[in-house]
1. Looking at segment 246-276, which of its residues are buried (at least 16 other Cβ atoms within 10 Å of the Cβ) and touching a His at 6+ places or on another chain (Cβ under 9 Å)?
2. Just the residues that are modelled with pLDDT of 95 or more, at positive phi and surrounded by 16 or more Cβ atoms within 10 Å (Cβ to Cβ), please, taken from segment 165-215.
3. Within segment 11-25, which residues are at pLDDT below 95 and either outside the structural domain of Lys47 (by TED's automatic domain parsing) or loosely packed, with under 11 Cβ neighbours inside 10 Å (or both)?
4. Please go through segment 1-47 and pick out each residue that is farther than 16 Å from Ala311 by Cα and charged (D, E, K, R).
5. Quick one: in segment 228-244, which of the residues that are out of contact with any strand residue (DSSP E or B) (no Cβ under 9 Å at 6 or more places or on another chain) and of a type outside the set (A, V, I, L, M, F, W, C) is surrounded by the fewest Cβ atoms within 10 Å (Cβ to Cβ)?
6. Failed condition for Leu225, given (1) part of a helix (DSSP H, G or I); (2) surrounded by fewer than 20 Cβ atoms within 10 Å (Cβ to Cβ); (3) of a type outside the set (Ser, Thr, Tyr), with all others met?
7. Take the conditions farther than 30 Å from Leu229 by Cβ, in contact (Cβ under 8 Å) with a residue 12 or more places away in the chain and out of contact with any Leu (no Cβ under 7 Å at 6 or more places or on another chain) and apply them to Arg297. Does it pass?
Amino acid sequence: MLAVRIVSHEGAGRLEVCEVERPQARADRVRVRVRAVGLNRADLLQKRGRYPAPPGAPADIPGLEFAGEVEQLGEEAHAWRAGARVFGITAGGAQAEYVVVPESHLAEIPDGLSFEEAAAVPEVFITAHDALFTQAGLRTGERVLIHAVGSGVGTAAAQLARAAGAGAVYGTARTAEKITRAREFGMDEGVVVSNDPDAFAEAVRGWTRGAGVNVVLDLVGASYLDANLEALAPHGRLLLVGTLGGTSAHLDFRRVMGKRLRVVGTVLRARSAEEKAAAVRRFAAEVVPLFARQSVRPILDAAFPLKDVAAAYDRLESNETFGKVILKVMSDK
């Protein structure tokens, strides 16, 4: 089969598309014929050698989410039939014509979504849903602030928060264009943040008349920590999901203790198979029906054929994206 391989970690890393051995489905595993895959920041880091695949995942074939058709079943796999349209998550190896995953890490693609649209869903919507509701316990009427609101996770989170009846959805982004576009997907108010993270804390004070937000979904990291704590209301929850702005910062314990805040770190890729299966079950039960009802939708920035994988990675790395970058892996034949 054809697959994207990382052939060098030097500089920004180097990729090539080449023939590799096709994996086999055993036990409770399912082999999926991949039609399209979504790109993620983790892929960029892995290409540079800064985010190695966990044990059991291919070390040199990136890819965390995919959409396609069930093609082969292991002898203990009974949840799916050959030909079923599915999307799902994996710890690596999705940027290939075939991928093998546990059957519990798949969900059925709802009618109305193409394979390219479906490939833009699993990683970002599962991450956003798990962070907002399972980890943060976001409740109807609460206010939420989403950093990098124009990203894949950001657009997913804004839509899910609005669909769940959040009292207000606020966002930050690097450009005014992203703030404007995010209003289409559930964001009420937004602010452009460049080199002054305190700008969003001040904006939150104005939007909420000093009350603060109940939940902050932070995809940026260390550089936003102080302003996040300032923006949170008493009993607020800070969800740490990304580290684009660094991995280390000074934490003011007095502010955390005084407001009785919760600071929660979360990551999807490194979880156990059982934890991932639980997250996928919640996604299938609570999020997939929203796509069927068109309450939420995938946001595609650009789609590239597999042979143009380098251009696809360049597009993601440009920071100009709004929504997801997709690789079209295998066409209908």
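1. The answer is Lys259, Leu261, Arg262, Lys276.
2. Hit for segment 165-215 is Gly212, nothing else.
3. Listed by number, the list holds a single entry, Gly11.
4. Passing the criteria: Glu10, Glu19, Glu21, Arg22, Arg26, Asp28, Arg29, Arg31, Arg33, Arg35.
5. Filtering segment 228-244 for residues out of contact with any strand residue (DSSP E or B) (no Cβ under 9 Å at 6 or more places or on another chain) gives 230, 234, 243-244.
Imposing the further condition that a residue be of a type outside the set (A, V, I, L, M, F, W, C) reduces the set to 230, 234, 243.
Numbers: Glu230: 18, Pro234: 11, Thr243: 16.
Going through the qualifying residues, I end up with Pro234.
6. (2)
7. On the way: farther than 30 Å from Leu229 by Cβ: yes; in contact (Cβ under 8 Å) with a residue 12 or more places away in the chain: yes; out of contact with any Leu (no Cβ under 7 Å at 6 or more places or on another chain): yes.
Here the answer is yes, as Arg297 does meet what is asked.
The values are calculated or read from the model by the stated rules, or taken from the named source; none is laboratory data. This is a predicted model, so every value here is computed, not measured. Please note: Cβ atoms are built from the backbone with ideal geometry, for glycine as well, and neighbour counts cover all protein chains shown.
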